[in-house]
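These notes are about the structure you will find just below.
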Amino acid sequence: MSIRAVNLTHIYGQGTAFEQYALKNVNFEIQDGEFIGLIGHTGSGKSTLIQHLNGLLKATSGELYYNGENIYAHGYDMKGLRSKVGLVFQYPEHQLFEADVFSDVCFGPKNLNLSQGEIESRAKEALNLVGLDESFYKQSPFELSGGQKRRVAIAGVLAMKPDVLILDEPTAGLDPKGRDEILGQIEKLHREQGLTIILVSHSMEDMARYADRLIVMNKGEKMFDDTPRNVFRHYKELEAMGLAAPQITYIVQALRKEGIPVEEDLITVEEARDAILRLIGK
Amino acid sequence: MLREITLGQYYPVDSVLHRMDPRTKLLGTLLFIISLFCANSWLGYLTAAVFLAITIRLSRVPFRFMVRGLKAILILLLISVSFNLFLTSGEVVWQLGILKITREGIRTAIFMALRLIFLVIGSSVMTLTTTPNELTDGLEKGLGFLNKVGVPVHEVAMMMSIALRFIPILIEEADKIMKAQMARGADFESGNLIQRAKSMVPLLVPLFISAFRRATDLAMAMEARCYHGGEGRTKMKPLCYRKRDRIAQVILTGYLCLIIGTRFIA
């Protein structure tokens, strides 16, 4: 089970005066059960890239393989692919349309032509996974808070039972509590359900904390593809792309400049805390 | 898919026509249309063709963009040509059953076709060289005198420019929602008419909600900046006629006189 992109290239408005490269020869392979962080400056091609992964956009050239099958092959089952690779767009609460929460979550599985019983059990399971209990089922999605709406929308995708879950900035516009809840639930899905997660985010702290591997996009090209620790070593290059390393990395750098011998590649607050305590303890 | 629709087909280059005051261009288009209805001879149409060719040249917009607009009127063109061709009475040159083509018919049909084609290309020159905003600005100022008879010109122009501004935003929004629903397995393309109409619900409900949300947000933002209608409102780029507009107006008047003149020569 894997996603493999080979020389993926996407050009918007090909053949017009407004031609623009959104992706340029992107190659990567994502294995089952990985937690991938996708970062890049606005307009770097992240959103375009993730829309390729479930076939919503077709590459201008290059191939994309899901579980070894070329998704651009003639007669490939796109609907099947979309049920296996779930995509949660930015501000997903804007896609809610049903009169109550439960029916909205049922929309995805209903499109898969499942039996009524299966649809309902999947919807219940999905709502349970995002932490919404039965008291929410009959409420109108438009009366909920921002964070609750977003969880309903994520449940709407989870109800399709995807193997891969792609989230485009799932915490944008949420308060700190809502943010932590959403990220905590994503992490739980990854840990307990074994879902492959691809998370797009602008928060380097979140990336350092959750991702196993980081893919960095810049101007449509893949710049780095490595563990967060290794990627954040290149913080100077990241800054040149309009990105950054986690705040704590800068603090560690400043400490080292002052002659305090903490390790160089600390990327989370906890790691830094432990390292500093070790130093003091000595 | 939806992204490719562009409204107002403004073509961004720098030319004399692009820099001209939108009012001059509106007036010019109006005069050109009047001139097309005045022309009644080969000489008249030739003059109009030469004038149009020079304008296109001056606009520096590729000719193929002008022709695009013609696709929309192709059927209208065919119908009016065949009506004129077969239903004009006069000297018969070809006959098959009740269908007959007359010498006068051919002449009227060709003139009619030329008139329609020139009309569309002529107005395309205006829309290709003028942004929708300039156009509404031009209309607002040009029709300002209607204020005196109680027509709220500014408000109408403001509504027009907001509506124009919202079209691409809503198209983009529709595209996004459509993709989000497709990611949940929605199918917008197959099925019979009723199924397809039903499948639009998950697209239309969120789209309407977002349109209303955007509308209230915009109204709030305008009020927060003390918008209170057209009275006493100044412009960042006030329209004013320059030398090139005066020259254009003289040329236009000359052109119209020339076309009217051709009526008497023939």
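The values are calculated or read from the model by the stated rules, or taken from the named source; none is laboratory data. Predicted model, so just to flag it, every value in this text is computed and none were measured. So basically every Cβ, Gly included, is an ideal-geometry build from the backbone, and we count neighbours across all protein chains shown. Surface areas here come from the heavy atoms of the whole protein model, side chains and all, with no ligands, DNA or RNA. Shrake-Rupley method; radii C 1.70, N 1.55, O 1.52, S 1.80 Å.
Data for the structure
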| quantity | calculated |
| --- | --- |
| Exposure of A:Met204 as accessible area (Å², to 10), given a probe of 1.4 Å and all protein chains | 10 |
| Accessible-area value, A:Met217, 1.4 Å probe, nucleic acids and ligands omitted, Å² | 0 |
| Cubic angstrom per residue, convex hull over Cα atoms of region B:4-54 | 116 |
| Tilt relative to chain B, helix B:42-59 - C-alpha long axis, 0 to 90 degrees, to 10 | 40 |
| Inter-label distance, nm, simple model (7 Å from Cα along the C-beta direction), B:Val13/B:Glu189 | 3.6 |
| Interface area, B with A, accessible, probe 1.4 Å, both sides summed, Å² nearest 100 | 1800 |
| For region B:95-221: rounded, prolate or oblate by the Cα gyration tensor [a/c cutoff 1.5] | oblate |
| Gap separating the Cα centres of region A:60-101 and region A:138-179, nearest whole Å | 17 |
| 0 to 90° range, to nearest 10: angle between helix B:103-129 axis and chain B longest Cα axis | 40 |
| Under the Karplus curve 6.51 cos²θ - 1.76 cosθ + 1.60, θ = phi - 60°, whole-Hz ³J(HN,Hα) for region A:164-169, x wherever Gly or Pro sits | 10, 10, 10, 10, 9, 6 |
| Cβ neighbours within 10 Å from other chains - mean over B:203-210 | 3 |
| Label-to-label distance, nm, for residues given as B:Ile110 and A:Ile280 (7 Å Cα→Cβ offset) | 9.8 |
| Contact order relative to length of region B:86-192, as percent, for alpha carbon pairs under 8 angstrom and 6 or more apart | 13 |
| Partner chain coverage, peptide B:183-195 - average Cβ within 10 angstrom | 5 |
| Chain B - Kirkwood radius from inverse mean 1/r over Cα pairs (Å) | 22.5 |
| Relative contact order (%) - criterion: Cα under 8 Å, at least six apart; region: region A:17-120 | 16 |
| 0 to 90° range, to nearest 10: angle between helix A:176-193 axis and chain A longest Cα axis | 70 |
| Rounded to 5, the percent of DSSP beta bridges in chain A classed as antiparallel | 55 |
| Where A:Asp163, B:Asp21 fall by accessible area, highest first, once all protein chains stay in place (1.4 Å) | A:Asp163, B:Asp21 |
| Gaussian network model of chain A, springs between alpha carbon atoms under 10 Å - residue of A:Ala245, A:Ala99, A:Ala123 with greatest fluctuation | A:Ala99 |
| Descending Cα extents along the principal axes, region A:76-177, whole Å | 40, 27, 21 |
| Length-normalised contact order of chain A in % [C-alpha pairs under 8 Å, at least 6 apart] | 22 |
| Solvent-accessible ranking of A:His94, B:His154, largest area first, probe 1.4 Å | A:His94, B:His154 |
| Spatially proximal lysines relative to A:Lys236 (Cα-Cα < 27 Å; intrachain offsets below 8 disregarded) | A:Lys24, A:Lys46, A:Lys219, A:Lys222, A:Lys257 |
| Dimensionless Rg ratio for region A:32-119, taking C-alpha atoms and the 2.2 N^0.38 Å reference | 1.28 |
| Exposure rank, largest accessible area first [A:Cys106, B:Cys38; 1.4 Å] | B:Cys38, A:Cys106 |
| Selected from A:Gly242, A:Gly86, A:Gly75 as most flexible by GNM, with chain A as the system and alpha-carbon contacts under 10 Å | A:Gly75 |
| Gaussian network model of chain B, Cα within-10 Å springs - most flexible of B:Leu193, B:Leu87, B:Leu58 | B:Leu193 |
| Shielding of A:90-98 by partner chains, average beta-carbon count, 10 Å | 6 |
| At q = 0.12, 0.13 Å⁻¹, base-10 log of I(q)/I(0) for region B:146-224 (Debye sum, equal scatterers on each alpha carbon) | -0.51, -0.57 |
| Given charges at beta-carbon only (K, R positive; D, E negative), |dipole| of the protein assembly as shown in Debye | 2860 |
| Å³ per residue enclosed by the Cα convex hull of chain A | 151 |
| The protein assembly as shown: C-alpha pair distances exceeding 40 Å, % | 47 |
| Fraction of beta bridges assigned by DSSP in the protein assembly as shown that are antiparallel (%, nearest 5) | 55 |
| Distance between modelled label sites at A:Ile260 and B:Val201, nm, 7 Å Cα→Cβ extension | 6.1 |
| Rounded to the nearest 10 Å², the accessible area of B:Arg233 at probe 1.4 Å | 130 |
